[in-house]
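A quick write-up on the structure given underneath.
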Amino acid sequence: MNIIIIGAGRVGSTLAENLSSEKHDITVIDLDADKLGDMRDRLDIGTVRGHGAHPDVLRRAGAADADMLVAVTPVDEVNMMACQVAYTLFHTPTKIARIRSQEYTDDKKYKSRLFQQEGVPVDMIISPEQLVTDYIRRLIQNPGALQVVDFADGALRLVGVKAWYGGGPLVGQELSEIREHIPNVDTRVAAIYRDGEAILPKGDTIIEADDEVFFLAARKDIRTVMSEIRKLDRPVRRIMLAGGGRIGVRLAQAMERENQVKVIERSGDRARDIAEQLDNTIVLHGDAASMDLLQEENIQNTDVFCAVTNDDEANILSAMLAKRLGAKKVMALINRPSYVDLVQGSVIDIAISPQTVVLGNLLAHVRRGDVVAVHSLRRGRAEAIEAIAHGDANSSKVIGKGVREIPFPEGTGVGAIVRNEQVIIPNVNTVIEPEDHVIIFMDNKSCISDVEALFQVAVTFI
């Protein structure tokens, strides 16, 4: 696929890195020659220096032959205009724009009228701040989870947890015993990571303490399955957020009705502004890395401390301090991938990479074979996808076949099937039917093209 990416920032560079490794033809447009040079040295991509919405720049980037344009600069208006120019002058089929301002998207009536071919021709809107907010909210609502991702519109969830010694009845036991422990719950352990290495789950696999265990289950059964692997944490009541930016405010708005929320904001003017936007949240003007402030606000009684400023170092330091002062769980938003690997699982319970969260949403629109959801796991080392089985037994390589008969690549497995809103945990003889949503876990992302090909409908299908 021929893809143009406008913007060489964190989101754009992460997307280019992932797509170029999958043998797509990538061209990146940016005004910053140094950023483009760095990307060109690391990746097998093309680059064009210039303004991403200017017709001549798009022409030089190959817009006339592009299959997709992804505009992810920090400026909403540049992204929207780039999509408009690409559609009007070059008839680019698929156009994705990063839109950060809620003013463009909050009113559904305006949004539906604005973002259409007769208006601003954007086929898909990406809001990194909203995606990260939703991701953190799922983590808070599932205390004890390291990662929580949704499939089939939330009917099914993939959850990652760390096994505790003595924390759950399944730890130290074979996986085959899970059915005896919770006979009324359908679940599947999709992957186990031990000392950073992947272990293919089998019936005789034994879960050990400190293993990272990823399991699939219906949304209503998540806590039941978690209780088999670790001691359940109490539901979250008190939340403290460091940073009153877009993510901090959206998260406070999402959580303040059911939780006691406090937001710490360094800027006095910004603190006053967000205090007017929030109904039941206490807004504090101060430094989240101040020991005196945290102690005054009873940090030792806080269930979750989440640092979401734009400064990685500030997030790390404030989260570490909050943990030392008694916060039960601390999370930090960290943009640099090297920092994420450094701090995850140390003093900081969960390090959140916004690029990884956003990447999956973008990849779902690049994948072939009717892949409708993509989630990067373990900070991009593995991937879980949701693919729809279209066609019939004659035009499809998967329909009418048992799971054992489908030639999935090594390191790939079917974790679950959603059929007519019913969650099915398949065995090797389960037959794929038309319109099944098939959830596939891949430990090796290099085989993604082979999996996509399995779900592509033959050209004879009408």
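The values are calculated or read from the model by the stated rules, or taken from the named source; none is laboratory data. Computed from a predicted model, the values in this text were never measured in an experiment. With ideal geometry, Cβ positions are generated from the backbone for all residues, glycine too; neighbour counts draw on all protein chains shown. Accessible surface areas use protein heavy atoms only, side chains included; no ligands, DNA or RNA. Shrake-Rupley method; radii C 1.70, N 1.55, O 1.52, S 1.80 Å.
Relative to the 2.2 N^0.38 Å rule of thumb, the range 336-458 has a C-alpha radius of gyration ratio of 1.17.
Projecting label points 7 angstrom from Cα along Cα→Cβ for GLN141 and THR224 puts them 1.9 nm apart. Legend: calculated FRET efficiency, ALA33 to GLU276, from the Cβ-Cβ distance at R0 = 45 Å, rounded to 0.05, equals 0.60. With a cut-off of 13 Å between beta carbons, the residues surrounding ASP392 carry a summed charge of -1, where Lys and Arg count +1 and Asp and Glu -1. Element breakdown for the range 230-301 at a 1.4 angstrom probe: carbon and sulfur atoms account for 40% of the accessible area. Split the chain at each of the chymotrypsin sites (Phe, Trp or Tyr not before Pro) in a DSSP loop with at most 16 other beta carbon atoms within 10 Å, and the longest piece is 166-460.
For GLU405 and VAL75, the difference between the fully extended length at 0.36 nm per residue and the C-alpha to C-alpha distance is 113.9 nm. Spatial offset of the range 412-462 relative to the range 320-353 amounts to 35 Å, using the alpha carbon center of each.
Once the 1.4 Å probe is applied to the protein heavy atoms, the range 42-171 comes out at 45 Å² accessible per residue.
Dipole magnitude for the chain: computed about the Cα centre from +1 point charges on Lys and Arg Cβ and -1 point charges on Asp and Glu Cβ, it is near 460 debye. Protein heavy-atom surface of the range 387-462, 1.4 angstrom probe: 50% of the accessible area is carbon and sulfur, with nucleic acids and ligands not counted. For VAL48, the amide hydrogen comes within under 5 Å of the amide hydrogens of VAL28, ILE29, ASP30, counting only partners 5 or more places away or on other chains and with H modelled in the peptide plane. Label point of ARG336 set 7 angstrom out along Cα-Cβ; within the range 282-318, amide nitrogens under 15 Å from it belong to 310-318. Comparing VAL438, VAL451, PHE151 along the charge dipole axis of the chain, the residue lying farthest to the positive side is PHE151, per the Cβ-charge model.
Counting only protein heavy atoms and a 1.4 Å probe, the range 253-305 has 58 square angstrom of accessible area per residue. For the pair ASP153 and ASP204 in one chain, pulling the backbone fully straight at 0.36 nm per residue adds 15.1 nm over the alpha carbon distance. Between SER446 and HIS365, the distance separating the two model label sites (each 7 Å from Cα on the Cα→Cβ line) works out to 3.0 nm.
Please work out how much length the chain gains when fully extended from HIS54 to SER176, using 0.36 nm per residue of separation minus the C-alpha to C-alpha distance, in nm with one decimal.
My answer for the length gained is 38.0 nm.
Surface analysis of the range 390-462 yields an accessible area of 52 Å² per residue, using protein heavy atoms and a 1.4 Å probe.
Explain nothing, just the number: dipole magnitude of the range 148-266 about its Cα centre with +1 on each Lys and Arg Cβ and -1 on each Asp and Glu Cβ, in debye rounded to the nearest 20.
About 840 debye.
So, with +1 on the Cβ of K and R and -1 on the Cβ of D and E, and no other charges, what is the size of the charge dipole of the range 109-217 about its Cα centre, to the nearest 20 debye?
Computed charge dipole of the range 109-217: roughly 580 debye.
Among SER290, THR356, ALA163, which residue has its Cα positioned farthest towards the positive end of the charge dipole of the chain, with +1 placed on the Cβ of Lys and Arg, -1 on the Cβ of Asp and Glu, and the dipole taken about the Cα centre? The residue sitting most towards the positive pole is SER290.
Each stretch of four or more DSSP H residues adds -39500 (n - 2.57); spread over every residue of the chain, this sum gives -8500 deg cm²/dmol at 222 nm.
Note on the range 329-368: Rg/Rh from C-alpha atoms, Kirkwood Rh, equals 1.12.
Mean separation of Cα pairs under 8 Å and 6 or more residues apart, divided by the residue count, gives the chain a relative contact order of 10 percent. What the pair-distance distribution of the range 228-366 shows, using all Cα-Cα distances binned every 10 Å from zero, is 12, 41, 35, 11, 1 percent.
All alpha carbon pair distances within the range 1-116 were sorted into 5 Å bins beginning at 0; the resulting P(r) in whole percents reads 2, 13, 24, 24, 18, 11, 5, 2, 0. For the residue pairs LYS162/LYS220; LYS35/LYS111; LYS111/LYS329, the C-alpha atoms sit more than 27 angstrom apart in LYS35/LYS111; LYS111/LYS329. Taking 10 °C and 1.306 mPa s as conditions, the range 90-134 diffuses translationally at an estimated 141 µm²/s according to Stokes-Einstein applied to its Kirkwood radius (Cα pairs).
Hydrodynamic estimate: the Kirkwood radius of the range 85-197 over Cα pairs, inserted into Stokes-Einstein at 20 °C and 1.002 mPa s, corresponds to D of 117 µm²/s. Calculated translational diffusion coefficient of the range 45-103 (25 °C, 0.890 mPa s; Stokes-Einstein with Kirkwood radius over alpha-carbon pairs) equals 214 µm²/s. Only Cα sites of the range 183-235 enter the Debye sum here, all with the same form factor; the resulting log10 I(q)/I(0) across q = 0.22, 0.25, 0.30, 0.32 1/Å is -0.91, -1.10, -1.31, -1.36, listed in q order. Computed in the context of the full set of protein chains, the accessible area of the range 77-190 at 1.4 Å probe radius has 47% of its extent on carbon or sulfur. Here's the picture: charge each Lys and Arg Cβ at +1 and each Asp and Glu Cβ at -1 in the chain, and of GLN141, TYR193, ALA389 the one pushed furthest to the positive end of that dipole is GLN141.
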